[in-house]
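The values are calculated or read from the model by the stated rules, or taken from the named source; none is laboratory data. The shown structure was predicted, so the numbers you read here are calculated from the model rather than taken from an experiment. Cβ sites come from the backbone with ideal geometry, for glycine too, and all protein chains shown count toward neighbours.
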Amino acid sequence: MPAAAALLLAAAVAAGSLDPARVALKRAIGDELSAGCTASELHGILRDADISALGTVGGRKVVLASPHGGCICGNVNCPFFVLRLDPGGASAVLLGTSGYGVEPVGRAQPLPNLREIAHDSALISDETLDTFRGGKYVAISTARVRSDNGARKANRIPIRFAPGTSAATLTGTVSQGWYDEYALGAAPGQRITIGGPANLTYSLTSQAEARSIDLKPGVAAVLPAGGRYLLHIDGGSENEQTYRATVTIR
């Protein structure tokens, strides 16, 4: 934020026009996210932000803050923050995310779970379920939801190999952009082979290194590193196609 804008906002805070939750929100938004805002725009965003109570942790109030404004939002997704308001005007960010909706789910324990919804594309939204654990919110599941028919797919479906085997069979239905995502663990130097319809696309991404490997049916690929991988099976056209694929790792 430009120095003049920061001074104007500091004056507004000092004048008491922002309550403690909105002052905490200003800290959470920070200079980088508000870089495109003038002081007047930022003050309006803070003033008009939706603030709702989620509960208390250790006697300290926790709120969900939803600021809106063209200078901090993307085309469809805006920032959301869960803020703990501490004594003396201090605060802590328990969750920072982006989407078009965050809502409490279930009872407080001491805080409720949260469901995040974010636009991925015109057709698909990403849904994340968060739970309060270890002093902050962490994701416990993710899924994709279609806007045209409400269909949903879980992400990171674990691939399970039967004891004493190195192959697993996967089945599903995909279309272009409406992929299936599986998770598996591997050791460095292992070879993975996929067997399935040739008109589908197969890719493997390392969760640790964000490195992607394109797989071809029947052709073994050597894994450069160990750890967790995500296998994507995507459709070759907009028409849905049912598949049966075999994953072998040795």
Can ILE51 be described as among the β-branched types (Val, Ile, Thr) and surrounded by fewer than 21 Cβ atoms within 10 Å (Cβ to Cβ)? yes
Candidates ALA210, ALA186, filtered to the one that is farther than 30 Å from VAL93 by Cβ and either among the aliphatic types (A, V, I, L, M) or modelled with pLDDT of 95 or more (or both): ALA186
Give me the residue from the stretch 126-168 that is basic (Lys, Arg) and not in a strand (DSSP E or B) and, out of that set, surrounded by the fewest Cβ atoms within 10 Å (Cβ to Cβ). ARG160
Members of the stretch 106-121 that are within 12 Å of TYR137 (Cβ to Cβ) and within 19 Å of the chain's Cα centre (by Cα): PRO112, ASN113, LEU114, ARG115, GLU116
Determine whether the stretch 32-45 contains at least one residue that is within 18 Å of SER17 (Cα to Cα), in the same structural domain as TYR137 (by TED's automatic domain parsing) and hydroxyl-bearing (Ser, Thr, Tyr). yes
Would you check which residues across the stretch 36-61 are in a helix (DSSP H, G or I), charged (D, E, K, R) and closer than 26 Å to PRO112 by Cα and list them? ARG47, ASP48
Report, ordered by the first and then the second residue, all pairs with beta carbons closer than 8 Å, sequence separation of six or more or different chains, a first member in the stretch 141-165 that is closer than 20 Å to LEU123 by Cα, and a second member that is assigned to a loop (DSSP other than H, G, I, E, B) and of a type in the set (A, V, I, L, M). VAL145/ALA151; ARG146/LEU123; SER147/ALA122; SER147/LEU123; ASP148/LEU123
So which pairs qualify, if the first residue must be in the stretch 77-97 and assigned by TED's automatic domain parsing to the domain that holds THR131 and buried (at least 16 other Cβ atoms within 10 Å of the Cβ), the second must be modelled with pLDDT under 95 and in a strand (DSSP E or B), the Cβ gap must be under 6 Å, and the two must be at least 6 apart or on different chains? ASN77/HIS119
Might you check whether a residue that is of a type in the set (D, E, K, R), closer than 21 Å to TYR229 by Cβ and part of a strand (DSSP E or B) occurs anywhere in the stretch 107-125? no
Qualifying positions in the stretch 34-67 - under 16 Å from SER91 (Cβ atoms), hydrophobic (A, V, I, L, M, F, W, C) and touching a residue at least 12 places away in the same chain (Cβ under 8 Å): LEU46, ALA49, ILE51, LEU54, VAL57, VAL62, VAL63, LEU64, ALA65
Might you check whether a residue that is out of contact with any Cys (no Cβ under 7 Å at 6 or more places or on another chain), at pLDDT 95 or above, polar (S, T, N, Q) and in the same structural domain as ARG60 (by TED's automatic domain parsing) occurs anywhere in the stretch 165-176? no
For the stretch 111-124, how many residues meet the condition of being modelled with pLDDT under 95 and either closer than 23 Å to SER40 by Cα or touching a strand residue (DSSP E or B) at 6+ places or on another chain (Cβ under 8 Å) (or both)? 4
Keeping to the stretch 220-245, report how many residues are among the β-branched types (Val, Ile, Thr) and either surrounded by 11 or more Cβ atoms within 10 Å (Cβ to Cβ) or closer than 21 Å to LYS153 by Cα (or both). 2
